[in-house]
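The values are calculated or read from the model by the stated rules, or taken from the named source; none is laboratory data. From a predicted model like this one, the values you see are computed outputs, not experimental measurements. For neighbour counting, all protein chains shown are included, and Cβ atoms are generated from backbone atoms with ideal geometry for every residue, glycine included. Please note that ligands, DNA and RNA were not included when accessible areas were found on the heavy atoms of the full protein model with its side chains. Shrake-Rupley method; radii C 1.70, N 1.55, O 1.52, S 1.80 Å.
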Amino acid sequence: MATAKRVEIVILCFALACCCVNAGPRVRPIAGPDIYKGQNIAKDSLAPGEKIVNVMNFGAIPDGEFDSTQAFMDGWRAACKSPGQNRLLIPQGRFLVSSMFFAGPCMSPKPITVQVVGTVLATTDISEYENGEWLMFEDIAGLKLIGGGTFDGQGQDSWTQTEDCEKSGSTCVRNPSSLYFNKVTNGVIQNIKSVNSKGFHVFVTNCANMRLRRIGITAPDTSPNTDGIHISHSINVKLSKCNIRTGDDCVSMIQGVNNVTINRVNCGPGHGISIGSLGKYQNELEVRGVRVLNCTFSGTDNGLRIKTWPDKYPGAASDITFSDISMLNVKRPIIIDQEYQCSPANCQKKPSLVKVSNIAFTNVRGTTISPIAVDLRCSKQFPCQNIKISNIYLKHASSPISTRCANIKPVYIGMQQPPPC
């Protein structure tokens, strides 16, 4: 009896230990070597001995009606799990595919290539997406997704069922993302298009050394929660030469993002480029080292935005620069909002616990449709630190514009239009 009791105690302690481990904070992935550094990744050619694995050889039918999910899975398995260098080819045509995994690790000695030439269509029955996303690339060391093809999420019907996760609690269920990358290292996502996603177009999480180039993203400005590119818990991510027109943030970054560069992105319509919302959950990792440069915003609801929740949890955002930005009729060009989802005129909630520091807005020019063009509302408990505003020139077509500040002492350099607060 004593032995049985001792075993029960040991089992209970083990269970408690596992529970505590699982309840701990998430960590960023380890970046490791960047295998593409110094390479011309714009050029694609077959590697010596590389074999082409065509999904049509596994039963895929390019008529837009036949369910080719199993053929895609079989083709991926043949390309990824076979020795040697293989390339999965989705040729011309329209292929209907439901939720599926492109799961690694792969056996290829070099990054595996998925070449999409045709159009991949998502099935429209939302109940089929038990895994939460549409096309999921996971546990892959070295991936190229290229080819000029299109991923059509066919999300129009699902938008009527969308839940606003910003306003809901932790039980909120997002609509499926179209392209979901989890635990991918050394990835190149290049020269593809995403249209009418059910949820996010592209979701990058727990990834390292990722390059997203020449991606075209399109959805109506009324499509809810259709963020263009969403990044979390990832390190060394580069976005460049992307055109994003959607119903939510063109690019959104939340906790755990480190060393992200966004260069030459055209945004609009949409909700701009956002960091946050932060401070919604316990044990959030800091956002650090984000550079947004040479970007253009046209008709967006926001421009450059950092947003944190009041009356919630600690967090941090630091070492963030926005530079050489063009605005055309943008509603709120520059925003630090630490009273997110709370009335700026009369927010009665406790101050945000997120610390915002070392932020620079430099060379931001163009037009706005808002009377307040620069809106800097920081936490009363943790005022923003070391915020630099340099060479801002924004104008309204017919009315004077202003700056609003709270709990912040910005350092102003050069031209300031609107005038400093």
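For the range 256-376, the equivalent ellipsoid derived from the alpha-carbon gyration tensor has semi-axes of 24, 18, 11 Å in decreasing order. Accessible area per residue for the range 226-307, computed on protein heavy atoms with a 1.4 Å probe, is 26 Å².
Round to a whole number: what % of the accessible area of the range 261-309 belongs to carbon and sulfur, probe 1.4 Å? Write down the numbers at each step before the final one.
Values: 560 of 1420 Å².
Taking all protein chains in place, the range 261-309 shows 40 percent carbon and sulfur surface.
In plain terms, if you count all Cα to Cα distances in the range 112-246 and split them into 5 Å steps from zero, the share in each step is 2, 10, 21, 25, 21, 14, 6, 1 percent. Sorting L135, L293 by solvent-accessible area of protein heavy atoms yields L293, L135, largest first, with a 1.4 Å probe.
Projecting the Cα atoms of T150, I334, G59 onto the charge dipole of the chain (Cβ charges, centred on the Cα centre) puts I334 farthest toward the positive pole. Alpha-carbon geometry of the range 207-267: the Rg and the Dmax are 11.4, 33 Å, given in that order. Taking only the Cα atoms of the range 292-358, the radius of gyration and Dmax are 13.6, 38 Å. Take 76-82, 342-348 and order them by the average number of nearby Cβ atoms within 10 Å per residue, most first; the result is 76-82, 342-348. Under 18 Å of direct C-alpha separation, and excluding same-chain neighbours fewer than eight residues apart, K110 reaches these aspartates and glutamates: D34, D44, E50, E138, D139.
Among the protein heavy atoms of the range 39-170, carbon and sulfur supply 49% of the accessible surface, probe 1.4 Å, non-protein parts ignored. Dividing the alpha-carbon radius of gyration of the range 109-167 by the rule-of-thumb value 2.2 N^0.38 Å gives 1.43. What is the log10 of I(q)/I(0) for the range 58-181, computed with the Debye formula using one identical point scatterer on each Cα and no solvent, at q = 0.18, 0.19, 0.22 Å⁻¹? Values, matching the q order: -0.96, -1.05, -1.29.
With a/c under 1.5 counting as rounded, go ahead and sort the chain into rounded, prolate or oblate using the C-alpha gyration tensor (a ≥ b ≥ c being the square roots of the eigenvalues; past the cut-off, prolate if a/b is larger than b/c, else oblate).
Working: a/c = 1.86, a/b = 1.32, b/c = 1.41.
Since a/c reaches 1.5 but b/c is at least a/b, the shape of the chain is classed as oblate.
Can you pick out the pairs among K37/K144; K307/K349; K350/K388; K349/K388 whose Cα atoms lie more than 23 Å from each other? Provide the component values of the computation, followed by the final result.
Values: K37/K144 15 Å; K307/K349 15 Å; K350/K388 26 Å; K349/K388 27 Å.
Cα-Cα > 23 Å for K350/K388; K349/K388; rest within.
Distance from the Cα centroid of the range 345-379 to that of the range 31-71 is 43 Å (rounded to whole angstrom). Annotation: per residue accessible area for the range 68-206 equals 36 Å², rounded to a whole number [probe 1.4 Å, protein chains only].
So what's the range 333-421 giving for Cα Rg divided by 2.2 N^0.38 Å, two decimals? Provide the component values of the computation, followed by the final result.
Details: Rg = 13.2 Å, N = 89, 2.2 N^0.38 = 12.1 Å.
Output field value: 1.09.
Per-residue accessible area (protein heavy atoms, 1.4 Å probe) orders W159, W309 as W159, W309, starting from the largest. Among the listed pairs K51/K198; K241/K331; K198/K331, those with a Cα-Cα distance over 31 Å are K51/K198.
Each Lys and Arg contributes +1 and each Asp and Glu -1, all at the Cβ; summed about the Cα centre of the range 304-421, the dipole is approximately 200 debye.
Roughly how many debye, to the nearest 20, is the charge dipole of the chain about its Cα centre, given +1 on each Lys and Arg Cβ, -1 on each Asp and Glu Cβ, and no other charges? Walk me through the numbers before you get to the answer.
Numbers: 43 positive and 32 negative charges, 329 e Å.
Computed about the Cα centre, the dipole is about 1580 debye.
H271 contributes about 50 Å² of solvent-accessible surface, heavy atoms of the protein only, 1.4 Å probe.
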